[in-house]
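The values are calculated or read from the model by the stated rules, or taken from the named source; none is laboratory data. Note that the structure is a prediction, hence the values are computed from the model and not measured. A quick note on method: Cβ atoms are made from the backbone with ideal geometry, for glycine too, and the neighbour counts reach across all protein chains shown. SASA here: full protein model, heavy atoms, side chains in, ligands and nucleic acids out. Shrake-Rupley method; radii C 1.70, N 1.55, O 1.52, S 1.80 Å.
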Amino acid sequence: VHDADGFPRIILTEPTGSSAEVLLYGGQVVSWKNERREELLFMSRKAIWKPPKAIRGGIPVCFPQFGNFGSLEQHGFARNRFWSLDNDHSPLPPAKNQSSVVDLILKSTEEDLKTWPQSFELRLRISLSAGKLTLIPRVRNTNNKAFSFMFALRNYLSVSDISEVRVEGLETLDYLDNLMHRERYTEQADAITFDGEIDRVYLSTPKKIAIIDHEKKRTFVLRKEGMPDAVVWNPWNKKAKALPDMGDGDYNTMLCVDSAAIETPIVLKPYQEWKGHQELSTVSSSYCSGQ
Ligand code: TA6
């Protein structure tokens with residue numbers, strides 16, 4: 001675990017030369033570079049690396065709440081807590097060969113119980129293999145009473161120019177529009193393109209979503225299990241200006257496409273464990289939809 005700037009971090013590498021960096025703070029992936037050392041995740045140039053502020057970029061973990069969909073602080077508190085290395089990640093199978101893995105854990109503290117009266121163990125396995133970054137979150141209810149929670153992996157993807165990006169896989173789905181008091185709408189029948197602020201929770205999404213960055217000739221493929229919803233967020237210029245930790249022009253080179261469980265919070269009986277699974281991979285320009 002490296003401690004360069006007061007932020008203990010783990011650096012994952014794999015034989016083809018890609019790498020990922022994970023902070024114990026927030027259990028947050030803050031970098032994922034491909035074998036050509038290109039950074040694939042967005043990190044705001046004005047991100048505030050100072051607890052308890054959440055770092056704006058990489059893959060923040062939103063738990064036990066998403067956004068302001070509840071009474072807790074925005075996106076819950078997991079992203080502004082210090083996690084630790086998880087030495088008893090027993091129940092997960094050993095990682096596939098040629099991948100580099102770190103297992104993190106966040107346990108509820110007395111302090112947390114004051115804001116959210118549930119004791120839990122939140123685990124996150126992050127594994128890097130050639131062209132792929134896999135996150136496996138698990139939540140165990142360590143109470144003797146049931147509780148429910150929302151969960152999201154907020155994937156800040158780095159794109160060359162948001163106006164040249166297309167998202168495939170969310171066509172014709174219903175979504176809750178955060179810009180319209182979470183009213184429910186239905187998506188049109190073709191790929192989503194971007195010309196303004198977007199902040200939507202797509203419901204019952206398919207297992208695979210493609211984010212096509214036309215200019216960079218790169219496609220991100222997001223595959224997920226156990227998280228039925230997907231959030232798509234770009235603040236565009238006005239909202240970006242209002243965010244102190246986001247450079248004014250930054251909205252042009254980012255798009256959040258998150259794996260999430262929001263519309264139907266996950267319910268856990270005592271000692272039950274929920275497991276999610278997200279795989280982000282990149283495909284070169286020859287990608288054609290429907291693959
Ligand atoms: O996408 C949901 C959302 O709550 C947006 O409304 C916007 O606030 C965004 O998340 C950013 O939240 P953050 O707390 O990371 O600034």
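Three principal axis extents describe the C-alpha atoms of segment 151-269; from largest down they are 44, 31, 26 Å. Binned at 10 Å from 0, what are the whole-percent values of the Cα-Cα distance distribution for the chain, short to long? Going out from 0 Å in 10 Å bins, the chain shows 6, 29, 38, 22, 4, 0 percent. Note on segment 1-98: Kirkwood radius taken over Cα pairs, Stokes-Einstein applied at 4 °C and 1.567 mPa s, translational D equal to 87 µm² s⁻¹.
Over segment 96-189, the pair-distance histogram of Cα-Cα distances with 5 Å bins from zero comes to 3, 9, 12, 14, 14, 15, 16, 12, 5, 1, 0 percent, rounded to whole numbers.
Remark on segment 193-233: ratio of C-alpha radius of gyration to 2.2 N^0.38 Å is 1.28. Residues considered: His75, His181, His277. Largest GNM mean-square fluctuation over the chain, using C-alpha springs under 10 Å, is found at His181.
Highest mean first, the peptides 115-121, 196-202 sorted by other C-beta atoms within 10 Å per residue fall in the order 196-202, 115-121.
A cut-off of 5 Å between modelled amide H atoms, ignoring neighbours fewer than 5 places along the same chain, links Val159 with Met254, Leu255. Largest mean-square fluctuation among Leu113, Leu170, Leu12, in a Gaussian network model of the chain whose springs join Cα atoms under 10 Å apart, belongs to Leu113.
For segment 36-160, compute Rh as the Kirkwood radius over C-alpha pairs and then the Stokes-Einstein diffusion coefficient at 20 °C and 1.002 mPa s; write the answer in µm²/s, rounded to an integer. For the chosen part, D equals 134 µm²/s. Once backbone amide H atoms are built at 1.01 Å from N, Asn143 has Ser119, Tyr271 as its partners under 5 Å, excluding neighbours fewer than 5 places away on the same chain. Peptides 135-142, 34-41 ranked from most to least packed by the mean count of surrounding Cβ atoms within 10 Å: 135-142, 34-41. To put it simply, the accessible area of the chain at a 1.4 Å probe is 51 percent carbon and sulfur. Calculated FRET efficiency, Asp174 to Lys269, Cβ-Cβ distance, R0 = 41 Å: about 0.90 to the nearest 0.05.
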